[in-house]
1. Determine the share of the chain's accessible area contributed by carbon and sulfur atoms, expressed in whole percent, with a 1.4 angstrom probe.
2. Given the Cα atoms of the chain, and with Rh set as the inverse mean 1/r over their pairs in the Kirkwood sense, what is Rg to Rh to two decimals?
3. Tell me, what is the per residue accessible area of the range 37-112 in Å², probe radius 1.4 Å?
4. At 1.4 Å probe size, put Y65, Y4, Y87 in order of accessible surface, largest to smallest.
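The values are calculated or read from the model by the stated rules, or taken from the named source; none is laboratory data. Since the structure is predicted, the reported quantities are computational estimates derived from the model, not experimental observations. Note: areas computed on protein heavy atoms with side chains; ligands, DNA, RNA excluded. Shrake-Rupley method; radii C 1.70, N 1.55, O 1.52, S 1.80 Å.
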Amino acid sequence: MRSYLIKHGIVAFVAAFLLAFSIAKFEAMRTIQFPLWASFAFLNLLFLFAFALLNRSLTMASQQYFMTFFGTTFAIKFFAALGWMLYWGLLEGVKSNAFILSFFALYFAFLLAMMIEIWFSTKRKAL
């Protein structure tokens, strides 16, 4: 778990830096500053929660339920992200391409960090 927290922290730091730079540089990002930072915090918590579930399945004595946990965390991430986008798009009226692109860039950055850690965790220990 500690190595994932380090990787997640590095990705979060780089993403926060790039997000702050983009907000300062581009007017389109400046107008949606709060939804961007809220999405950043939401995705941080979402991926920490998803990895905690996956890590729990890897540390169990029998890892036969790993794919069940993997599918469950995929569904949680997918529907949470969909709900988040629907909330900002339909209820708050944020219909900016900059918001959508930034959200999914953050989503895939955190997903990549999580999948790399899962890959190396399963390589160290046979399923």
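1. 75
2. Radius of gyration relative to Kirkwood radius: 1.03.
3. Per residue, the range 37-112 has 55 Å² of solvent-accessible surface.
4. Y65, Y87, Y4
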